[in-house]
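Every number here is computed from the coordinates shown, using simple stated rules; none is lab data. Quick caveat, the model's predicted, so the values are computed rather than measured. All Cβ positions, glycine included, derive from the backbone under ideal geometry; neighbour counts span all protein chains shown.
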Amino acid sequence: MKIFNKTAGEYCRHCLPFKRKYHYVFHLEYYFSKFIGPFRFLFFKKKNSRNGKYGNLWGLIFEILSFLKIAEFVAEPEKTKLFNRDLIFFEEARKRNLEISAVKFLGKYINEFRFIYQKKRYYYEGAPLTLKSAKVEMDNKGVFKNLLQNHHLPAAEGKVFVSRTEAIKWGEKIGYPLVVKPNSGSLSSHLTCPVGSEIELQQAIKIAKIYRPDFIVEKYVKGNLYRASVIAEKYVFVCQKERANVVGDGQSTIQELIRIKNSDPRRGETDQKNTTLHKIPLNDELEENIQSQGLAPESILPRNKKIYLQNKAILSQGCDIIDCPNIHPDNQSLFLKIAWLLQTDLVGLDFICPDIGQSYQKQETAILEANSLPYIDMHQYPSQGQSRPIAKLVWDIVLKDLSNGRREL
């Protein structure tokens, strides 16, 4: 008999832990972008194009919406309604006595903020950095992969497809194991890996196309998963993201080990926003993973034996965040070069390799994707290792540049 709570069946199981029932918005966005093409910037705000007149335009729009009572600037927002990646900057601003507000649109917080400095209003999304107009749309996985390949930087061999037939032929050509994922999206939604046969590849493509028509097939690269965050094309912070796990002590059952780990006061609930670390969710996937290893919740793990409990290394699934102080200089230079190519003041890079302390040139490695609005709070609140003062550093940079007239938001 299963002892853990069941995941809500009404939501798409390939999107979990994100609770999503439908995917039509992503399909509409895909087809709309094909028709709009170069005029898309007139309809959509780019996360990485907030400087200059576009930043001022959005600020004016917010002010008009506020006047019309459609939006409002909230000086004391409900912290439980803000993601911790945003909250760390809000709270640091308050420490500096900055007048800062979160934007509410139609009664909901929308990840936008306004602050006043030297009697001038500034607006930003998520993190108060000037996000330079990037040369490429970094959140588009295929476009970013092409950038890496064109500059001979480490990327998993892969291509973007719409056709199932072409994708299967290409996958068979480069060989298994493979990874299949939608061409955009986050939190590993509709990702399948490793894919080890044509039958599995067909199924993985089917799963990816539920999300949106275009998808990526790429070579599977073994190693540890890291997040490298680059700030102002100068500062690099790296942490390892490790799937939810427990380590045996020779006395406690798996169920007891999970309870002990979840009792850490730093870990919030699965759906909690204002926390970086989360409790390991007790669901079907966890129990299936335990059983696939020939174990049961009542099994006692030998001392120092580690088992993994979830399939995705994402925060809300209880993953561990391990600060990495010893980054090889070659790897640091690689991350800085990518930020320079993107021309952005903020990027989160997902990087896989056996050892971040060794040069990427001497091991099999791959930059997997880029994130324009990363969960940068991981570096400030790791589960293991040193806390990095991310929010303080960012505000130091922003306010110094504003004072010197070198920065527009």
What is the helix-to-structure angle for 141-150, meaning the angle in degrees between its Cα long axis and the longest Cα principal axis of the chain, kept from 0 to 90 and rounded to the nearest 10?
90 degrees
Proxy exposure order for Phe67, Phe89, Phe18 (fewest C-beta within 10 Å first) is Phe67, Phe18, Phe89
Which FRET efficiency, nearest 0.05, do Phe32 and Leu295 yield, Cβ-Cβ r, R0 35 Å?
0.15
Need the full-extension length gain, Lys120 to Tyr11, defined as separation in residues times 0.36 nm minus the C-alpha distance. One decimal, nm.
34.8 nm
Is there a quick way to get the dipole size of the chain? I mean about its Cα centre, with the Cβ of Lys and Arg at +1 and of Asp and Glu at -1; what is the value in debye to the nearest 20?
960 debye
With r as the distance between the Cβ atoms of Asp249 and Gln149 and R0 = 51 Å, compute the FRET efficiency 1/(1 + (r/R0)^6) and round to 0.05.
0.65
Calculate one ³J(HN,Hα) per residue across the stretch 323-332 by plugging θ = phi - 60° into the Karplus curve 6.51 cos²θ - 1.76 cosθ + 1.60, and present them in order as whole Hz with x for glycine and proline.
5, 10, x, 9, 9, 5, x, 5, 5, 4
One finds, for Asn404 and Glu99 with R0 = 22 angstrom and r their Cβ-Cβ distance, a FRET efficiency to the nearest 0.05 of 0.60
Spin-label point model (7 Å from Cα, Cβ direction): what's the Leu65 to Gln386 distance in nm?
4.0 nm
For the cross-link pairs Lys21/Lys305; Lys159/Lys241; Lys141/Lys234; Lys261/Lys312; Lys312/Lys400; Lys104/Lys145, which exceed 27 Å when the distance is taken from alpha carbon to alpha carbon?
Lys21/Lys305; Lys312/Lys400; Lys104/Lys145
Just to confirm the number: angle between the C-alpha axis of helix 24-36 and the first principal axis of the chain, 0 to 90 degrees, nearest 10?
50 degrees
Taking θ as phi - 60°, what are the ³J(HN,Hα) couplings along the stretch 102-118 by the Karplus curve (6.51, -1.76, 1.60), each to the nearest whole Hz, with x for Gly and Pro?
8, 8, 10, 10, 6, x, 10, 6, 10, 6, 10, 9, 10, 9, 10, 9, 6
Here, Asn311 and Asp284, labelled 7 Å along Cα→Cβ, have an inter-label distance in nm of 1.1 nm
Inter-label distance for Lys169 and Thr80, nm, one decimal - labels placed 7 Å from Cα along Cα-to-Cβ
5.5 nm
In deg cm²/dmol, rounded to 500, what helix-only [θ] at 222 nm does the chain give when every DSSP H run of at least 4 residues adds -39500 (n - 2.57) and the total is split over its residues?
-9500 deg cm²/dmol
Candidate cut points under trypsin sites (Lys or Arg not before Pro) in the stretch 57-110, DSSP loop plus at most 14 other Cβ atoms within 10 Å of their own Cβ, are Lys69, Arg96
For the stretch 185-292, what log10 I(q)/I(0) values come out of the Debye formula at q = 0.11, 0.13 1/Å, with one point per alpha carbon and no solvent?
-0.57, -0.78
Cα convex hull of the chain: mean projected area in nm², to one decimal?
21.5 nm²
Quick check on the chain: of the DSSP beta bridges with both residues there, what percent are antiparallel, nearest 5%?
95 percent
Just in the stretch 201-249: which trypsin sites (Lys or Arg not before Pro) are loop by DSSP and have at most 16 other Cβ atoms within 10 Å?
Lys222, Lys234
For the chain, build the charge dipole from Cβ charges (+1 Lys, Arg; -1 Asp, Glu) around the Cα centre, then report which of Gly294, Phe67, Ile231 sits farthest towards its positive end.
Phe67
